[in-house]
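Read-outs throughout are calculated quantities, based only on the coordinates presented, and are distinct from any laboratory measurement. What you see is a predicted model, and the numbers here were worked out from it, not measured in a lab. Glycine also receives a Cβ, built like all others from the backbone with ideal geometry; neighbour counts cover every protein chain displayed.
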Amino acid sequence: MNLSFSMESGKLTRRELLQRLSALAGGLILTGPISGCEGFWQREPAIPVDSWHKGVCRFCGTGCGIMIGVRDGKVVDVKGDEYAHNRGRICIKGILNREILYVRDRALYPMIRRNGRLERASWDEAMSLVAERFREAIDRYGPDSVAFYGSGQLFTEESYTANKLFKAGIGTNNVDGNPRLCMASAAAGYISVFGKDEPMGCYEDIDHATCFFITGSNTADCHPIVWERIMDRKRSRPETVIIVVDPRRTRTARHADYHLAIRPGTDVALYNAMIYEFIRNGFIDQDMVENYLTFREGDAERTFEDLKRHVAQYTPERVAPVCGVDARQIEEVAYLFAASEATMSIWTMGLNQQAQGTAANRLINAMHLLTGHIGRPGATPFSLTGQPNAGGGVRDTGALAHALPNGRVVTNPQHRAEMEDLWGVPRGRISPKPGYHAVAMFEAMARGDLKCVLIMGTNPAQSLPHAERYREAMQRTFLVVADAIYPTETAQFADVFLPSAMWVEKGGVFSQSERRYHLVPKLVDPPGEARSDLEILVELADRLGYGDLIKARTPEEVWDEWRQISAHSPYNFAGITYERLKKERGILWPAPTEDHPGTCRRYVPGEDPMAKGTGRFDFYGRPDGRAVVYLEHQQPSSDPRSDEYPLTLVTGRVYEHWHTLTITGKLEELEDITTDFLVVHPRDAHRYGIRDGEPVLVESRRGRAVLKARVSTDITPGIVFAPFHSPEALVNRVVNNTVDPISKEPAFKESAVRIRPASSAA
């Protein structure tokens, strides 16, 4: 069955897609109305099942609850859990959680590179070699010669164990991973403003919001079940306003009441203009300003009066030509944002993947704080995570180069001492020096400073910006890759490859965007000789001589250790036990006791158990209990357009596929869906001689890629768009590797390029 459908193509209707999918084995259909993606995917007729088990989807950060049907030791069916927050809905990727377990190219046995080729080996051979090379590097070059590169797709127990092994055992902070590429700016924004990471609201807020400010997120395609909940709200209350800020006319934008087709990288100017309008029209919450906020410009203390003078430079009339939007539009959306009963902002990588990603995140939070749209039903700034466990598994566990568990940082002596005591290692064991963040890690590999790197559950050879440079770096390093699929773009550079168990072939905890922890049970055995990533990490610890440190050996043992550590922090979820998770549809932290129901909205006394006092808020992440509003300046582009490179490339996802196609690209139902295209406005197509459907060469200061042109008015003139899924096209060869100076997240969304017919370059 050939599927040529893409959400962006407009060449195949969703009804036609359903007809094609229903003809495949398993009988996938969508029930409910077919407008956008209302309704939900399921199989019909149902496949006979011996037992049903509660779980959670392993794809995006929405964290949809699912029911998993097992028969004769195999997963045979998956359906949405009607009692979970997704209300029984799951997208096409969600229902294919069954199929991903049985795709071709599952990794079945360890391999070692011999004579330039990866050849089958035993686990003992592979792990002996890994331990030997890591120990040799540590002894000869020091702990900072090795590193761990992880993933938001690992279970929390796995990320926590890796973090503990490397930071408290080996003694290096070279622990980072792919969440740095997608969510670091959101984390930096929350920490800057509130003193602690993670959103303060929850999905329940969607049901109360009267204005949705969606910026840098194609929610309908990338978080479709969250989008369906937004549409539920719109259908039940039609006067609800949807505002979308995006340079593309996405499916999300098509449903918007207002669409601001902004120039990439100019968000700071737009949000400053909106704050100017809040002040000009008297929409400032004076109680918030006087009692709950402080003001800063960089590290310097400022006042609300300073903020007024600052944003006076960013009137809608001045900002309009910078952002490429109408001044009247800015005025109207600012009014609607502030005057709404309850405004909810939603964003993800479109906002985060900029050289000013942290600044943009700070300003989104500031808009809510200044107008009082915060800490009550429907009123909240809410970042969505791109990966299933980027929050709980990486951000909460501190599995990043600068971080320690529960919001601590390695540069703080008190934080290091706390974790050394909790981990039972001598004072001074944790290095005070931040490790290599994602891009810096691969730069260090290129220089030869990193001798050994363990990569788990991710595919950086495709996902990193300036990909060609970092592929070359991997060739210079002893590289250990653990993955459930072989081959991958990264595995081709591995010296040792280790087969990993996937999803319900192992047990553990996933989080999702609203701070909700879910348990995924082990239901079936992995194929061949595959092992869980936790088992791999425990064995590595033993072979390196750190077995006494890694005492927790099973997922539940690790979780119990981890939740008890959380009790010594404002992230307290000591009450979230495995027993509770087996019974409940996930629990939102903080939840300090086993009878605590979980916290929907943080920092609100009487609702958040960590918040003290009787006022409206206790922003307890800050010593003074006040949130910070930053004065931010719009900076020039990190990759400016020029006569040589006159266009701006932005990248993103399509509805049907997941990240680098490592999994969804193996699925019969999805593998033929096009991902190697470049969306070009007709005006630009005419100017550069580009024809619809023909190959087009995209070039930047870093590299080149060839994609198929898709000429469309859904993109703004001067901007082109490409998905980043295709390993063959590999658009990340072209992408900007400049990083935000605070979050260290790369600026994927602002790359200066030129285009021409590929035939002209032959």
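Only residues of segment 363-388 count here: report those whose backbone N is under 14 Å from the spot 7 Å along Cα→Cβ of residue 607, or say none.
Once the point is set 7 Å along Cα→Cβ of residue 607, 369, 372-382 turn out to lie under 14 Å by backbone N, inside segment 363-388.
Set Lys and Arg Cβ to +1 and Asp and Glu Cβ to -1, take the dipole of segment 552-667 about its Cα centre, and tell me which of 633, 660, 567 lies farthest positive.
Result: 567, furthest along the dipole toward the positive end.
Based on other C-beta atoms within 10 Å, arrange 542, 396 from fewest to most.
Final ranking by Cβ density, sparse to dense: 542, 396.
Considering only 540, 470, 493, whose Cα is most displaced toward the positive end of the charge dipole of segment 444-542, charges sitting on Cβ of Lys, Arg (+1) and Asp, Glu (-1)?
The listed residue farthest towards the positive side: 470.
In deg cm²/dmol, rounded to 500, what helix-only [θ] at 222 nm does the chain give when every DSSP H run of at least 4 residues adds -39500 (n - 2.57) and the total is split over its residues?
After summing the helix terms and dividing by residue count, I get -8000 deg cm²/dmol.
Rounded to the nearest 20 debye, what is the charge dipole size of segment 452-512 about its Cα centre when +1 sits on each Lys and Arg Cβ and -1 on each Asp and Glu Cβ?
Roughly 100 debye for segment 452-512.
Quote to one decimal, in nm, the extra length available between residue 308 and residue 286 on full extension: 0.36 nm per residue of separation minus the C-alpha distance between them.
Value of the extension gain: 6.6 nm.
Once the other residues with Cβ under 14 Å from the Cβ of residue 313 are scored (Lys, Arg +1; Asp, Glu -1), what is the net sum?
The answer is -1.
Round to the nearest 0.05 the FRET efficiency obtained for residue 49 and residue 593 when R0 = 35 Å and r is the Cβ-Cβ distance.
Efficiency, from the Cβ-Cβ distance: 0.45.
Ranked by Cβ crowding within 10 angstrom, fewest neighbours first, how are 267, 421 ordered?
With the fewest neighbours first, 267, 421 line up as 421, 267.
For 431, 185, 759, 217, what ranking results if the residue with the fewest other Cβ atoms within 10 Å of its Cβ goes first?
759, 431, 217, 185
Size of the dipole of the chain about the Cα centre, Lys and Arg at +1 and Asp and Glu at -1 on the beta carbon, nothing else charged, in debye to 20?
960
Expressed in nm to one decimal, what extension gain is obtained for the pair residue 208 and residue 141 from 0.36 nm per residue of sequence separation less their Cα-Cα distance?
18.5 nm
Starting from 0.36 nm per residue, how many nanometres of slack lie between residue 643 and residue 322 once their C-alpha separation is accounted for?
So the extension gain works out to 113.7 nm.
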